[in-house]
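The values are calculated or read from the model by the stated rules, or taken from the named source; none is laboratory data. What you see is a predicted model; the values in this text were computed from it and never measured. For neighbour counting, all protein chains shown are included, and Cβ atoms are generated from backbone atoms with ideal geometry for every residue, glycine included.
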């Protein structure tokens, strides 16, 4: 009996000691809320105030940059300016919140270890996407305005955040049959903005069409009937390409030297060139030419119109697989 009384007395003293150990604890209807102290409430208010100040700093930095950017929206300067502001504000937020809540290095290390383990398990894809963001920036994978193929989506990059890349989608050429979902049969915008997570840089290749080489190689193939005037056909095709495509004279000497030094493209390779190929039905003449990163479809349309008109003037017939009736010559 005496042992039981001693035990109850010790428990009462322990409870009283625990209650007196946190004089600033918050209580509701006599129930003490764990961790809800005046000290922690002050930290919460300070954290909210700090986040608000960081948001104001970010807004002021963006407004300040607009004074220098002006109307150059969507440029690479604006792209890197926004990324720099986001990174600076993120670092300030992380360091500030850690300084508010953790005044002991040992406590901070323990908490970070527990949080890191939980985050690594629960947010694997999110962490991978954020890591992909830094890979994109550090590896100069692409910038805003670049034409890329990422995650099965091709188009121009219009935005990049810590987790996602926004792409203005475009269609594919009739020669390509990899995409059956696009209704645009050319490399022109579909009007859809597609969001792709940055972790795709670790899963599959990222194709950049215009990062350092702001041109596109393209081809136009024309079937020419056998027994036609091949020289006249080649001349018409070549003249149409030289008129509308990029040539060594039009690109400038400085740019031609840069292409030759950086990519090994000789001056003679820049000018359009016509290649012949024998098929069972016709002689296929394909002109390979260099064009800008935008407006290829317009160039091919203009070339096609002039080729058809030139063939008509030169008496050259375009090959076709359909059968044509042949009327007998009188006297035969």
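For the stretch 216-226, the set of residues classified as closer than 28 Å to residue 298 by Cα and assigned to a loop (DSSP other than H, G, I, E, B) consists of 225 only. Per the conditions (1) modelled with pLDDT of 85 or more; (2) out of contact with any strand residue (DSSP E or B) (no Cβ under 7 Å at 6 or more places or on another chain); (3) within 29 Å of residue 152 (Cα to Cα), the sole criterion not satisfied by residue 219 is (2).
For the stretch 46-60, the tally of residues that are touching a residue at least 24 places away in the same chain (Cβ under 8 Å) and under 10 Å from residue 96 (Cβ atoms) stands at 5.
Quickly run through the stretch 227-240 and pick out the residues that are free of Cβ contacts under 8 Å to residues at least 60 places away in the same chain and outside any helix (DSSP H, G or I). Answer for the stretch 227-240, where residues must be free of Cβ contacts under 8 Å to residues at least 60 places away in the same chain and outside any helix (DSSP H, G or I): just 227.
Residue-level check: of (1) touching a residue at least 24 places away in the same chain (Cβ under 8 Å); (2) touching a helix residue (DSSP H, G or I) at 6+ places or on another chain (Cβ under 7 Å); (3) assigned to a helix (DSSP H, G or I), residue 285 misses just (3). Given the structure, is residue 249 over 31 Å from the mean Cα position of the chain (by Cα), over 17 Å from residue 304 (Cα atoms), free of Cβ contacts under 8 Å to residues at least 60 places away in the same chain and in a helix (DSSP H, G or I)? Here the answer is yes, as residue 249 does meet what is asked. Within the stretch 192-215, can one find any residue that is modelled with pLDDT under 80 and either assigned to a strand (DSSP E or B) or within 30 Å of residue 278 (Cα to Cα) (or both)? No, every residue in the stretch 192-215 fails to be modelled with pLDDT under 80 and either assigned to a strand (DSSP E or B) or within 30 Å of residue 278 (Cα to Cα) (or both). Within the stretch 232-257, the set of residues being in contact with a strand residue (DSSP E or B) (Cβ under 6 Å, 6 or more places away or on another chain) and either surrounded by fewer than 20 Cβ atoms within 10 Å (Cβ to Cβ) or over 23 Å from residue 315 (Cβ atoms) (or both) comprises 234, 238, 245, 246.
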